[in-house]
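A.B. asks: Encoded as structure tokens, here's the structure I'll be asking about.
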Amino acid sequence: MDWMEPRNLREWAARAFSLPPILLAAAVLALLLTELKFDWLERAVGATLVTTNAERPESGAIWEKGRKTAAARTTVERLANDREAYQRSARNAGSLSEVVGTLSSGQGVMLSAEHFRELYQKLPQGFAAELLSPFDLLRLVSEGRWSRTYLEKSADGLMVYLLAPNNHVLRQVKVGAASLAVLARGSAAASRSLEELSGFQNRIYPAERFFAALASLPADVQRSLIAQPERLLEISGKITRVGISDESAAGLVEIGFEARSGSEQQVLLVQAQDWAVWRLRSLLEGRKDGAASTAG
């Protein structure tokens, strides 16, 4: 075999077309053709990667993308489960306070128009009027465009969106945190006594004495004290005592009606106008100015 560099083109051609280069080229061509037809190289590489996969570190763009995909899928599943739980709690709630109590700040829940109307009818009149005028609600019902209501709790209150079928916002109302606290207090008072509620100490009267004083007041004053007297008729058991709060907020004062049925007791809280409460307390405490006001 000649190991010297070819001296001319003829020697270059003779060496290029000799038997060893031709056999080498044929072998390479055969490998390429079989690779194109059978993909044996990709299969061999894949089998090798599968075999050594457990020993290789989980690093690189593919692994990172996989981890992000798995984390995103887990988050979506958790949000979907949480949303379903909120919806289920909202569907089973018997009052607006129960619905709000299931939500954390930034969370929301969708209610049907019919369910929201049921919850609205159970609200104290003062709170219901602050939330939405009943005349506005009647107009929306008569128009037939209101299909559902979305409630979203925030750090400073509750946002209420009345929606059309295409999610167009018909009305948007915000309820402040202070009003929500009053509503929650009313729900919490359901199975407690007047002594257990703050603000009623030393202002608790027998029911007979309270209603006798109430009956002596003019009709407009009575309505300012108990805007929804039919709610008292729905109480199970007999009303035995009535408490009047010593705190006033936004011109309203709480009145608590305690009822007993066997061994069970409950308290229903209502919001009354503070000026009307002052006239009633004047009668209950036997002040002359209250009598003069009643006479007037």
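The values are calculated or read from the model by the stated rules, or taken from the named source; none is laboratory data. A quick note: this is a predicted structure, and the numbers were derived from the prediction, not measured. In this analysis, Cβ positions are derived from the backbone assuming ideal geometry, glycine residues included, and neighbour counts consider all displayed protein chains.
A.B. asks: Please verify whether segment 111-124 includes one or more residues that are part of a strand (DSSP E or B), outside the structural domain of Asp274 (by TED's automatic domain parsing), touching a residue at least 24 places away in the same chain (Cβ under 8 Å) and crowded, with 16+ Cβ neighbours inside 10 Å. Talk me through it step by step, then tell me what you get.
C.D. replies: Within segment 111-124, the first condition is being part of a strand (DSSP E or B), and the residues that meet it are 111-112.
If we keep only those that are outside the structural domain of Asp274 (by TED's automatic domain parsing) as well, we get 111-112.
When the remaining residues are screened for being touching a residue at least 24 places away in the same chain (Cβ under 8 Å), the result is 111-112.
The next check asks that each one be crowded, with 16+ Cβ neighbours inside 10 Å; those that pass are 111.
Yes, that holds for at least one residue.
A.B. asks: Restricting attention to segment 230-247, and to residues there that are of a type outside the set (D, E, K, R) and surrounded by 14 or more Cβ atoms within 10 Å (Cβ to Cβ), which single residue is modelled with the lowest pLDDT?
C.D. replies: Of everything passing the filter in segment 230-247, Ile235 is modelled with the lowest pLDDT.
A.B. asks: Does Leu252 fit the bill of being under 19 Å from Glu264 (Cα atoms) and either aliphatic (A, V, I, L, M) or surrounded by 12 or more Cβ atoms within 10 Å (Cβ to Cβ) (or both)? Give the steps one after another, and end with the answer.
C.D. replies: On the way: under 19 Å from Glu264 (Cα atoms): no; either aliphatic (A, V, I, L, M) or surrounded by 12 or more Cβ atoms within 10 Å (Cβ to Cβ) (or both): yes.
When the stated conditions are applied, Leu252 does not pass them.
A.B. asks: If you go through segment 272-293 one residue at a time, do you hit one that is crowded, with 17+ Cβ neighbours inside 10 Å, at pLDDT 80 or above, touching an Asp or Glu at 6+ places or on another chain (Cβ under 8 Å) and not in a helix (DSSP H, G or I)?
C.D. replies: yes
A.B. asks: Okay, next question. Give segment 211-255 a look and list any residue that's within 30 Å of Gly176 (Cα to Cα) and among the small types (Gly, Ala, Ser), or say none.
C.D. replies: Ser224, Ala227, Gly243, Ser245, Ser248, Ala249, Ala250, Gly251
A.B. asks: Moving on. Filter segment 80-96 down to residues that are crowded, with 16+ Cβ neighbours inside 10 Å and touching a Lys or Arg at 6+ places or on another chain (Cβ under 9 Å) and give me whichever is modelled with the lowest pLDDT.
C.D. replies: Ser95
A.B. asks: Is it the case, given these coordinates, that Ala227 is modelled with pLDDT of 90 or more, over 18 Å from the mean Cα position of the chain (by Cα) and either β-branched (Val, Ile, Thr) or buried (at least 16 other Cβ atoms within 10 Å of the Cβ) (or both)? Talk me through it step by step, then tell me what you get.
C.D. replies: Numbers: modelled with pLDDT of 90 or more: no; over 18 Å from the mean Cα position of the chain (by Cα): yes; either β-branched (Val, Ile, Thr) or buried (at least 16 other Cβ atoms within 10 Å of the Cβ) (or both): yes.
Against the criterion (modelled with pLDDT of 90 or more, over 18 Å from the mean Cα position of the chain (by Cα) and either β-branched (Val, Ile, Thr) or buried (at least 16 other Cβ atoms within 10 Å of the Cβ) (or both)), Ala227 does not qualify.
A.B. asks: Another question, if that's okay. Looking at Arg171, Arg145 in this structure, which one is outside any strand (DSSP E or B), in the same structural domain as Phe116 (by TED's automatic domain parsing) and within 17 Å of Arg117 (Cα to Cα)?
C.D. replies: Of Arg171, Arg145, the one residue that is outside any strand (DSSP E or B), in the same structural domain as Phe116 (by TED's automatic domain parsing) and within 17 Å of Arg117 (Cα to Cα) is Arg145.
A.B. asks: Now a separate question. What about Arg209, is it surrounded by 14 or more Cβ atoms within 10 Å (Cβ to Cβ) and not assigned by TED's automatic domain parsing to the domain that holds Phe116?
C.D. replies: no
Here's the yes/no breakdown for (1) in a helix (DSSP H, G or I); (2) over 30 Å from Gly108 (Cα atoms); (3) at pLDDT 80 or above:
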{"residue": "Ile22", "(1), (2), (3)": "yes, yes, yes"}
{"residue": "Ala25", "(1), (2), (3)": "yes, yes, yes"}
{"residue": "Leu32", "(1), (2), (3)": "yes, yes, yes"}
{"residue": "Val45", "(1), (2), (3)": "yes, yes, yes"}
{"residue": "Glu58", "(1), (2), (3)": "no, yes, no"}
{"residue": "Ala72", "(1), (2), (3)": "yes, no, no"}
{"residue": "Arg78", "(1), (2), (3)": "yes, no, no"}
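A.B. asks: I'm trying to understand the selection: among the residues of segment 97-107, which are buried (at least 16 other Cβ atoms within 10 Å of the Cβ) and either without any contact (Cβ under 8 Å) to a residue 60 or more places away in the chain or not assigned by TED's automatic domain parsing to the domain that holds Leu151 (or both)?
C.D. replies: First, pick out the residues of segment 97-107 that are buried (at least 16 other Cβ atoms within 10 Å of the Cβ): 97, 99-103.
Correct list: Val99, Thr102, Leu103.
A.B. asks: Let me spell it out: the conditions are (1) under 21 Å from Gln228 (Cβ atoms); (2) loosely packed, with under 13 Cβ neighbours inside 10 Å; (3) over 19 Å from the mean Cα position of the chain (by Cα), and Phe127 meets all of them except one. Which number is the exception?
C.D. replies: Status for Phe127: all satisfied but (2).
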